[in-house]
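Below you'll find the structure, written out as structure tokens, and then a few comments.
Just so it is clear, none of the values below were taken in a lab; they were calculated from the coordinates. In this text the structure is predicted, and so the values were computed from the model without any measurement. For neighbour counting, all protein chains shown are included, and Cβ atoms are generated from backbone atoms with ideal geometry for every residue, glycine included.
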Amino acid sequence: MNSGSRHSEHGIAAARRGAGAFTLVEVMIALGIFFMAMFAILGLVATSLRSARALQRQPVDAGMVAAEISLTNKLTEGLETGDFGELHRGYEWSRDIYEVGTNGLFQVDMIVQRRSDGAVESKLSILLFRPESPQGSLSRGRLQ
């Protein structure tokens, strides 16, 4: 009896010890489920952020007009106007080009405004050195 009770006590202790711990297979399955859930949540967050970014209104900036005028080698004094087409509906731009130095230095003042109420959205002034340009009002059209 003594040996039988010893085996049964040993078996109960082993069962108690095994009931409180997880096996390696159980831990691996739990980690797999956890990471699948985390990647699914991260995927949803990334998709939501991408959608929110696409819905944001892109700001209209006079820098777009400046980028266009900076590509030319020759400037002519005067006032020019235009719009942004499909890119920014409801906005228009104007730029005033005038000579500020007899050596081909021009100042370009740009304004972007809403077409509906004329509210100014953005202003920018830049200086451009374009010696190949026709002489302006400062040099009175004469070559120096």
Of the residues 67, 90, 120, the Cα lying farthest along the dipole of the range 62-144 towards its positive end, which is defined by charges on the beta carbon of Lys, Arg, Asp and Glu, belongs to 67
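Multiply the residue gap between residue 135 and residue 53 by 0.36 nm, knock off their C-alpha separation, and tell me the result in nm, one decimal place.
Values: separation 82, 0.36 × 82 = 29.52 nm, distance 4.64 nm.
Value of the extension gain: 24.9 nm.
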